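The values are calculated or read from the model by the stated rules, or taken from the named source; none is laboratory data. Given the structure is predicted, the values throughout are model-derived calculations rather than measurements. With ideal geometry, Cβ positions are generated from the backbone for all residues, glycine too; neighbour counts draw on all protein chains shown. All accessible areas refer to the heavy atoms of the entire protein, side chains included, with ligands and DNA or RNA removed. Shrake-Rupley method; radii C 1.70, N 1.55, O 1.52, S 1.80 Å.
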Amino acid sequence: MARPCYIELPAADIAASKAFYTRAFGWTLADFGPTYAATTTGDVDVGLQGDADEAPAAPLPVIQVDDLEAALAAVTAAGGTVVRPIFGFPGGRRFQFRDPHGNELAVMQAD
């Protein structure tokens with residue numbers, strides 16, 4: 001089953017971004033290195049990407065699937081353009097693509 005599970009946001013200042021979301025919504029964000037923090041509720045989580053070379057230009061929706069390679073094949077067959085091939089991250093693997101209208105999304109498979 002494929003479902004939205006994550007939204008990644010660009011965050012030039014991780015500490016300030018964490019403070020904002022903690023104050024505004026009571027979120028607890030775990031640090032995953034000096035430039036990344038995320039909620040870890042297991043529902044639809046939010047990640048803050050502070051590395052300018054890795055940060056998305058806009059919010060990045062992430063879709064969770066059971067078979068990453070099959071999803072990659074389906075996305076490309078449907079006309080999507082892969083902009084970042086499969087790579088690993090703490091907790092799984094993912095790739096990023098643009099749909100035919102230019103929207104960037106990611107697809108991930110948990111470990």
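Structure above, values below:
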| read-out | value |
| --- | --- |
| Residue 4 being in contact (Cβ under 8 Å) with a residue 40 or more places away in the chain, of a type outside the set (S, T, N, Q) and open to solvent by less than 30 Å² (accessible area, probe 1.4 Å) | no |
| Given (1) within 16 Å of the chain's Cα centre (by Cα); (2) of a type in the set (A, V, I, L, M); (3) outside any strand (DSSP E or B); (4) at pLDDT below 95, number of the condition residue 15 does not satisfy | (1) |
| Inter-residue pairs, beta-carbon under 8 Å, first free of Cβ contacts under 8 Å to residues at least 12 places away in the same chain and in segment 87-111, second open to solvent by 50 Å² or more (accessible area, probe 1.4 Å), 6+ apart | 87/93 |
| Failed condition for residue 66, given (1) in contact (Cβ under 8 Å) with a residue 40 or more places away in the chain; (2) open to solvent by 80 Å² or more (accessible area, probe 1.4 Å); (3) assigned to a strand (DSSP E or B); (4) not hydrophobic (A, V, I, L, M, F, W, C) | (3) |
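For (1) in a strand (DSSP E or B); (2) closer than 13 Å to residue 6 by Cα; (3) open to solvent by less than 40 Å² (accessible area, probe 1.4 Å), each residue gets a yes or a no:
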{"site": "40", "(1), (2), (3)": "no, yes, no"}
{"site": "43", "(1), (2), (3)": "no, yes, no"}
{"site": "47", "(1), (2), (3)": "yes, yes, yes"}
{"site": "57", "(1), (2), (3)": "no, no, no"}
{"site": "73", "(1), (2), (3)": "no, no, no"}
{"site": "84", "(1), (2), (3)": "yes, no, no"}
{"site": "100", "(1), (2), (3)": "no, no, no"}
{"site": "105", "(1), (2), (3)": "yes, yes, yes"}
